[in-house]
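Notes follow the structure.
Where a number appears in this text, it was derived from the coordinates with a stated rule and is not lab data. Owing to the predicted nature of the structure, the values given are computational and were not obtained by experimental measurement. With ideal geometry, Cβ positions are generated from the backbone for all residues, glycine too; neighbour counts draw on all protein chains shown.
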Amino acid sequence: MRRSLGIGAGEPPELEITRMRRRHLKGVMAVERQVYPRPWSPNLFISEMSEPRDRVYLVARLGRQVVGYAGVMLNGEEAHVTTIAVDPAHHRHKIGTRLMYELLQEALRMGATAASLEVRVTNYGAQRMYGRFGFRPVGIRKGYYQETAEDALIMWADDIRSADYRHRLVRIIERVPAGVRPA
């Protein structure tokens, strides 16, 4: 995880990915309320951040503005993506891709050998992005999203420590625009 800063005066700020801190919660909650019908509470984020041995939460910022965030928890050798969201005003700018890349780097650092997540069965854009990261559908959780009774697609990526998977991550990040790519 690297910090990226604007190159010169007057240029737009580059995307910066950092560990989530309490000071980011106002921006995180603003995004959370836009993208989820039943948002997490600030206290839930604080509780998750207080477990640094097996959890990592990141924020994506443009300048001082939080434009996305993501979290992962380790359970044995499995990394489970707990949340990922991008401000709708910043969709389709590869911010979600960068967050997912950084989460997987953190998961590898913590010793993960596989990764899993749930995604709404109707969220085809997110499913495509996860597919690029090697996640494949393995099942359905009926009525998983309680607020809408929508099903969740369970997706899994195996053997994320392999050389092939590391090459996949390199190819993904090489396609990300310069202002979003790690420095």
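A few notes on this one:
- Using a cutoff of 8 angstrom between alpha carbon atoms and counting only pairs six or more residues apart, the relative contact order for the range 97-160 works out to 39 percent.
- Our summary of shape: the Cα atoms of the chain have principal axis extents of 50, 39, 32 Å, ordered from largest down, in whole angstrom.
- Each of Pro88, Ala112, Asn75 was placed along the dipole of the chain (beta-carbon charges, centred on the mean Cα), and the one lying farthest toward the positive end is Pro88.
- Translational diffusion of the range 45-138, estimated by Stokes-Einstein from the Kirkwood radius over alpha carbon pairs at 4 °C in a medium of 1.567 mPa s, is 95 µm² per second.
- Taking every C-alpha pair closer than 8 Å and separated by at least 6 residues, the mean separation divided by the residue count of the chain gives a relative contact order of 19 percent.
- Rounded to the nearest 500, the helix-only mean residue ellipticity at 222 nm of the chain stands at -9000 deg cm²/dmol, with each DSSP H run of n ≥ 4 adding -39,500 (n - 2.57).
- Taking the Cα centre of the chain as origin and assigning +1 to Lys and Arg Cβ atoms and -1 to Asp and Glu Cβ atoms, the resulting dipole is close to 460 debye.
- Order of Ile154, Ile84, Ile140 under a 10 Å beta carbon neighbour criterion, fewest first: Ile140, Ile154, Ile84
- Options Tyr165, Thr18, Gln127, ranked by Cα towards positive dipole end of the range 15-174, top entry (Cβ charges): Thr18
- Charge sum, other residues only, whose C-beta stays under 15 Å from Glu48's C-beta, Lys/Arg counted +1 and Asp/Glu -1: +1
- Using a Förster distance of 22 Å, the FRET efficiency for Asp151-Arg38 (Cβ separation, nearest 0.05): 0.90
- FRET efficiency, Arg141 to Ala114 (Cβ-Cβ, R0 22 Å, nearest 0.05): 0.80
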